[in-house]
Each structure stands twice: as structure tokens, then as C-alpha cells.
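The structure under discussion appears below in the form of C-alpha cells.
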Amino acid sequence: MRVTVLDDYQGVVPRLAATKELEDIPVSLHTLTERLVDEDGLIAALQDTDCLVLIRERTQITARVVEALPRLKLIVQTGRLSGCIDLEACRRRGIQVRDGSGNPIAPTELTWALILAASRRLLPYAHHLSQGRWQRSCEQIGDEGLGRAVHGRTLGVWSLGKIGSRVAAIGQAFGMRVVVHGREQSREAAARASYEFIANRSEFLAQLDVLTLHLRLGPDTRHMIDADDLALMRPDALLVNTSRAELLAPGALLDALARGRPGAAALDVFEDEPDGVAPYLNHPAILCTPHLGFVDQDTYEAYFREAFAQVRRFVAGEKPAIGEGNRPS
């Protein structure tokens, strides 16, 4: 049985301890390190694949792909199932689709890495230091400005779920005022944690020093934040998005930055990755990272241990236990 892992950009999956889950069973593990954008190329590469393991939603598995892979019997999604798999096409073909659990720790830590790095202007300072310029963050001294601490400032957390709650707790530990916006679940979570909940979107956005987004992407949240919303933010505010790029309307952030509200952004997610990062690269007000929210050693080990355990159980003919991710054929 051939097991193929797509989009292993760093080529690390074969070296994970999680691969021990595949020992002593009749499978061969193959990983593809380059993203296959062309659907025909993807189909050609997967012709001999029996089990496909996806790293989150890096590649869309469309009905055409599903129908063109005669040997495919199982798709395993690392983490929670997303919208990148055509489940109806899998059902028609009798292909099982299984998923795993999420991990809020790594994205929480990355969110704070971005907040601190952007607030203190760490990357431009480090870049100019490598060029021999001491305590400089801009080419022209007239453009220089100072970074700032987060203590005493206002952190806005949009949606207080598993990740948002951790981000908020760290903000409070830094001495920030934490305010929350979102749906009823966020209101209830804010009350339990004794955070201030602001139901009015305009009032919420207008008073923030840092806004961090932690909403789920769905039909009602896609493109829900537009240029008018961003225009309400202060000219020295920082927007941080480690959730989903599609929460913002197309072009809204670049337009808002050009108008000076907010003053800066730190982004880990982009539409149409990886090519979609291009308009944001080298923008003086944007810190970009290549979707690293879940990309760390501990998360990969957990994701692939669970994914390869699913493969092992499938090979053994076992059905998923209650509570395990599964989308039956």
C-alpha cells in the first residue's frame, strides 16, 4: 500500500518519530516536497497512491482528482477536516476520509511572536544590523521610528475560542487591557475570564492598539472584514492575522494601510498560498511569515502520529473509534 504525503515543504516528514506508526505494516511512505499547482501534474503524481495524507489544506483535492485516482482508498487530513476535500466525490468512490485533532499551542505562540516582533520592529532592526547599521530600522534616518512595548496597551481578540483564549491570557500576563469581540460563545467565554466584551464592531476596532483575528472561516465570515472596518482602526494600530486570509475582503488590508489605518500588519496567512503572498512582500508596514502557525516539531509529531495511526488502523481493517475523525464512504 503506497502512502503519499503531499506538500512536505521542508522534507521533514520521513524523519519524524511519528513514522514508527507505519512500522511492521505493508505500506511504503512517499513524500512530495514541491507543491503541484497543475491538477494534471497532481493526478499523474498520485496514480499509484492508495492512501493520501494531506498537510492541512495546502492542496485542493477536487472531484476531478478523486475520480482520476483508481487506487485511492483513504484520505487522511492532518488536524481538523477543512474544505479542501470534495467529500461528495469521495463518497461516490467509496473513499474513506479521516481527520485528526487541532492544536492551539503553536498558533498561539506564533501569534505572540508576530505581535512582539512587529511591535518592537525586530526584523528591520536585525536586517540593518546585518548591513552594519547599529540601531537602525530604515534606510533614511528621517523615516526612523521607535518600536513600542505592549504593556499598558489594548489587545483586541476577535473570537475567544481555543486559540483566542490563550492569546488573551498571554496579553493579560503582559499587562495589557484585553477586550473581546465575536459571537455569543465569545461573550460567554469573555465573561468567564473576566475580559471586557464589546459587541459593537465599530467601538471595538476604534480603541485597539493590537487586533488579532481568530475566527473560523465559513460562508458567514468569509470577507467579513472590509475596508470600512479597517478605516476605524487607529493609525498606530497593529493588525495580526494567523487565522485565515479570507476573513478580510480582497485588497482591503493593502488599501487600508495605504490610507494609514491601521498603521501596520503582521500576516501568517494569505489567499492562494504560496503565490498569494507576493503583493504583501517587502511592504514597509507588513511583517510576513510563510504560514508557520502549525509548523513546528511538536505539532508535526502530533499531527502525523495521529494520521499514520489512522493509516495503520485502516490497513488492519479497523473502523475508527468513537470520537476519532472520520467521514465514512
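The values are calculated or read from the model by the stated rules, or taken from the named source; none is laboratory data. Remember, predicted model here, so these are calculated numbers, not experimental data. When we count neighbours, we look across all protein chains shown, and the Cβ atoms used for this are built from the backbone with ideal geometry, even at glycine.
All but one of (1) in contact (Cβ under 8 Å) with a residue 60 or more places away in the chain; (2) more than 26 Å from the chain's Cα centre (by Cα) hold for residue 24; state the number of the condition that does not hold.
Condition not satisfied by residue 24: (1).
Report the residue count in the range 11-38 for those that are among the polar types (S, T, N, Q), under 11 Å from residue 308 (Cα atoms) and out of contact with any Phe, Trp or Tyr (no Cβ under 9 Å at 6 or more places or on another chain). Steps first, answer last, please.
Here is the first cut: in the range 11-38, the residues among the polar types (S, T, N, Q) are 19, 28, 31, 33.
Next, only the ones that are under 11 Å from residue 308 (Cα atoms) stay: 19.
Then drop every residue that is not out of contact with any Phe, Trp or Tyr (no Cβ under 9 Å at 6 or more places or on another chain), which leaves none.
Residues in the range 11-38 being among the polar types (S, T, N, Q), under 11 Å from residue 308 (Cα atoms) and out of contact with any Phe, Trp or Tyr (no Cβ under 9 Å at 6 or more places or on another chain): 0 in total.
Yes/no per residue for (1) closer than 30 Å to residue 72 by Cα; (2) free of Cβ contacts under 8 Å to residues at least 40 places away in the same chain:
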site	(1), (2)
231	no, yes
285	no, yes
299	yes, no
318	yes, yes
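Would the range 270-279 turn up any residue that is within 17 Å of residue 215 (Cβ to Cβ) and in a helix (DSSP H, G or I)?
Narrowing the range 270-279 to residues within 17 Å of residue 215 (Cβ to Cβ): 270-271.
Now drop any that are not in a helix (DSSP H, G or I), which leaves none.
Looking through the range 270-279, none of the residues is within 17 Å of residue 215 (Cβ to Cβ) and in a helix (DSSP H, G or I).
Among the residues of the range 27-61, how many are over 28 Å from residue 268 (Cα atoms), within 26 Å of the chain's Cα centre (by Cα) and free of Cβ contacts under 8 Å to residues at least 12 places away in the same chain?
0
Among the residues of the range 260-274, write down those that are free of Cβ contacts under 8 Å to residues at least 60 places away in the same chain and either of a type in the set (Asp, Glu) or over 21 Å from residue 106 (Cα atoms) (or both).
Listed by number, the residues that qualify are 260, 261, 262, 263, 271, 272.
Go over the candidates 90, 84 one by one and state the one that is in contact with a strand residue (DSSP E or B) (Cβ under 7 Å, 6 or more places away or on another chain) and modelled with pLDDT under 95. Working first, answer last.
Numbers: 90 fails: modelled with pLDDT under 95.
Checking each option against the conditions leaves just 84.
What number of residues in the range 2-39 are part of a loop (DSSP other than H, G, I, E, B), of a type in the set (A, V, I, L, M, F, W, C), under 22 Å from residue 296 (Cα atoms) and touching a strand residue (DSSP E or B) at 6+ places or on another chain (Cβ under 8 Å)?
Residues meeting the conditions: 2.
If we keep just the residues of the range 135-157 that are of a type in the set (S, T, N, Q) and modelled with pLDDT under 95, which is nearest to residue 200 (Cα to Cα)? If you could, list the steps in order and put the result at the bottom.
Applying the first criterion (of a type in the set (S, T, N, Q)) to the range 135-157 yields 135, 137, 140, 154.
Next, only the ones that are modelled with pLDDT under 95 stay: 137, 140.
Numbers: 137: 37, 140: 40 Å.
By that ranking, first place goes to 137.
Yes or no, residue by residue, for (1) under 30 Å from residue 285 (Cα atoms); (2) of a type outside the set (Ser, Thr, Tyr); (3) not assigned by TED's automatic domain parsing to the domain that holds residue 243:
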position: 27; (1), (2), (3): no, yes, yes
position: 40; (1), (2), (3): no, yes, yes
position: 44; (1), (2), (3): no, yes, yes
position: 49; (1), (2), (3): no, no, yes
position: 71; (1), (2), (3): no, yes, yes
position: 77; (1), (2), (3): no, yes, yes
position: 120; (1), (2), (3): yes, yes, no
position: 123; (1), (2), (3): yes, yes, no
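Could you list, in sequence order, all residues of the range 63-78 that are surrounded by fewer than 16 Cβ atoms within 10 Å (Cβ to Cβ) and in contact (Cβ under 8 Å) with a residue 24 or more places away in the chain? Working first, answer last.
From the range 63-78, those surrounded by fewer than 16 Cβ atoms within 10 Å (Cβ to Cβ) are 63-64, 67, 70-71; that's our starting set.
Answer for the range 63-78, where residues must be surrounded by fewer than 16 Cβ atoms within 10 Å (Cβ to Cβ) and in contact (Cβ under 8 Å) with a residue 24 or more places away in the chain: 63, 64, 67, 71.
In the range 95-110, is there at least one residue being aliphatic (A, V, I, L, M), part of a helix (DSSP H, G or I) and in contact with a Leu (Cβ under 6 Å, 6 or more places away or on another chain)?
Step one: of the range 95-110, the residues aliphatic (A, V, I, L, M) are 95, 97, 105-106, 110.
After this cut, where a residue has to be part of a helix (DSSP H, G or I) as well, the list is 105-106, 110.
Within this subset, residues satisfying the condition of being in contact with a Leu (Cβ under 6 Å, 6 or more places away or on another chain) are 110.
Yes, there is a match, as at least one residue in the range 95-110 is aliphatic (A, V, I, L, M), part of a helix (DSSP H, G or I) and in contact with a Leu (Cβ under 6 Å, 6 or more places away or on another chain).
Is it the case that some residue within the range 149-164 is within 30 Å of residue 300 (Cα to Cα) and loosely packed, with under 13 Cβ neighbours inside 10 Å? Steps first, answer last, please.
Pass one, the range 149-164, residues within 30 Å of residue 300 (Cα to Cα): 155-164.
Those still in the list that are loosely packed, with under 13 Cβ neighbours inside 10 Å too: none.
No, the range 149-164 contains no residue that is within 30 Å of residue 300 (Cα to Cα) and loosely packed, with under 13 Cβ neighbours inside 10 Å.
I'm trying to understand the selection: among the residues of the range 100-134, which are modelled with pLDDT of 95 or more, polar (S, T, N, Q) and surrounded by 12 or more Cβ atoms within 10 Å (Cβ to Cβ)?
108, 111, 119, listed by residue number.
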